[in-house]
Each structure stands twice: as C-alpha cells, then as structure tokens.
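Just below is one structure, and these are the notes that go with it.
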Amino acid sequence: MLSLLPRPSQEVRRSLSERRYLGKMIMKAGTLLKEGKTLITRWQQRFVVLTEAGLFYWSSEADFRANKPHKVLVDLRDCSLATAELHTKKPFSFGIFHTSRRDYFFDAGEEREMLEWISNIERILGVSDSDLTLDDFELLTLVGRGGYGRV
C-alpha cells in the first residue's frame, strides 16, 4: 500500500542525525495523521518530531522549519504504546496511552513507517526490539476502549 503522507524533505532527513530540538537529539521526524479529540473523528496531518524529551508536533513541516513553537508535547513518561487498527480502522495506526493523561492515536500510512515510529518510541520507553513486525503483537480488547495490539 502506498502512503499518501508526504515524506520529510531531503534537508530534514539529511540533517536529522545532527539536529536537535530543545537541546535533545531528534530520533525520528515525519508526517503522521493524528486523530482529533472531538466527538466526530477527524484525522489531521501533523509534522511530528520524536526526541528523548517526548513527541512534539506542528501543523506542518514548514512551521517546524520556520522555528515556530510546537503545538503539543506528548510526554512519553509512564506511557504505553500499542497498535490501534481496531479502534481507528486504519491498518498502520498506533496509540500512546497513559492512565491519567489523554490518549493519542497516529496513522503512519504504511507498515514500515509505523514500525519505525513504534521502534523509536519503544527505545525511549526502554522497551526496544530491533526486529519488530506486526506478527509480534497480540490482540487485546480493553473494555470501553476498543481493541489494541500489545507487544
């Protein structure tokens, strides 16, 4: 399946290994769809940057490149991560969950990209497996939350 999400520009990809955001090295950056938090499910394209400090996003890559402040910081401390196809109806989506903070759902558009995001986020969470595939996930159903995958 081809991804309809744009890739980060060559300049952003080339400079990721040497770029920092708020003093932290950028581990991954790119465009993802983010599920809105309204009652009507709306997916919004966001430029997302992952550092050890957390997951930041902007409305666009242009905003990031123009050094505009990030829209949101998703604090990854004490979070869990899971695939979220049953909840989102999108095959390459994942969720970031915390017991007392908002849940976030993202769609990567393709399996390889989703697995890269998951692998990098898991590195920050201290749960890294370099050979992660969709077969590594077991299906879970959470009462009132839909179904999710768990490594």
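The values are calculated or read from the model by the stated rules, or taken from the named source; none is laboratory data. The shown structure was predicted, so the numbers you read here are calculated from the model rather than taken from an experiment. When we count neighbours, we look across all protein chains shown, and the Cβ atoms used for this are built from the backbone with ideal geometry, even at glycine. Surface areas here come from the heavy atoms of the whole protein model, side chains and all, with no ligands, DNA or RNA. Shrake-Rupley method; radii C 1.70, N 1.55, O 1.52, S 1.80 Å.
For the range 62-103, the share of accessible area belonging to carbon and sulfur comes to 50 percent (1.4 Å probe, ligands and nucleic acids excluded).
The distance between label points at Leu39 and Tyr21 comes to 3.3 nm (points 7 Å beyond Cα on the Cα→Cβ vector). Using R0 = 25 Å, the C-beta based FRET efficiency linking Glu52 and Leu86 works out to 0.25.
Ordered by solvent-accessible area of protein heavy atoms (1.4 Å probe), largest first, the residues Glu111, Glu61 come out as Glu111, Glu61. Calculated accessible area for the range 17-129 comes out at 51 Å² per residue, all protein chains present (probe 1.4 Å; ligands, DNA, RNA ignored). Using the Cβ-Cβ distance between Val127 and Asp103 with R0 set to 22 Å, the FRET efficiency works out to roughly 0.75.
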